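Every read-out reported here was derived from the displayed coordinates using simple, explicitly stated rules and does not represent laboratory data. Model, not experiment: these values are computed from the prediction. Ideal geometry is used to build each Cβ from the backbone, glycine not excepted, and the neighbour counts take in all protein chains shown.
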Ligand SMILES: NC(=O)c1ccc[n+]([C@@H]2O[C@H](COP(=O)([O-])OP(=O)(O)OC[C@H]3O[C@@H](n4cnc5c(N)ncnc54)[C@H](OP(=O)(O)O)[C@@H]3O)[C@@H](O)[C@H]2O)c1
């Protein structure tokens, strides 16, 4: 597969990690689309970055974001929102993303959570984030 620059969709684009992903992908010359649940509040991206609305827990909102995309970087975070959010975002959200990609040839990079293998730790006991 040789189609650089990519059309990259960043999911989690407004977060502490995703914001850096957006900046670096843009700096490297890729076409960058930044997904957020609140596009009106996403104002701090470089000019030229396209902001698109979407929520990974609501698959019906994702089709416009995935149009013409050939790479996806996922840095979503459900931390601090409890067990239901962990399941909805880390499990349901990934299922939604794969469904939105369908059978297309799209590269996917997923950033997991630090300590992901420590399933008996207090973090996972609180929110099941590592389990999902
Ligand atoms: N920060 C660190 O040092 C660090 C270290 C290791 C691993 N990580 C992992 O990296 C990932 C990102 O961390 P972070 O610190 O960047 O997170 P963050 O600053 O809390 O940002 C969370 C991001 O997730 C998005 N998001 C949440 N729910 C969503 C949903 N339902 N649909 C679409 N987007 C949703 C938010 O977008 P909107 O609110 O704009 O919709 C936001 O961009 C997490 O898995 C975290 O565990 C982070």
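Assorted remarks:
- Considering helices alone, the calculated mean residue ellipticity of the chain at 222 nm is -6500 deg cm²/dmol, with DSSP H runs of length four and up weighted by -39500 (n - 2.57) and normalised per residue.
- Candidates 49, 89, 72: whichever shows maximal mean-square fluctuation once the chain is modelled as a Gaussian network with Cα springs under 10 Å: 49
- With R₀ set to 35 Å, the beta-carbon distance separating residue 47 from residue 81 gives a calculated FRET efficiency near 0.65.
- Theoretical gain in end-to-end length, residue 40 to residue 91 [0.36 nm per residue, Cα-Cα removed]: 15.7 nm
- Per the Cα gyration tensor, the chain maps to an equivalent ellipsoid with semi-axes of 25, 16, 15 Å, ordered largest to smallest.
- In percent, rounded to a whole number, the relative contact order of the chain is 23, using alpha-carbon pairs under 8 Å and six or more apart.
- Beta bridges per DSSP with both ends in the chain, % antiparallel, nearest 5: 0 percent
- In this simple spin-label model, placing a label point 7 Å from the Cα along the Cα-to-Cβ direction at both residue 110 and residue 23 gives a separation of 2.7 nm.
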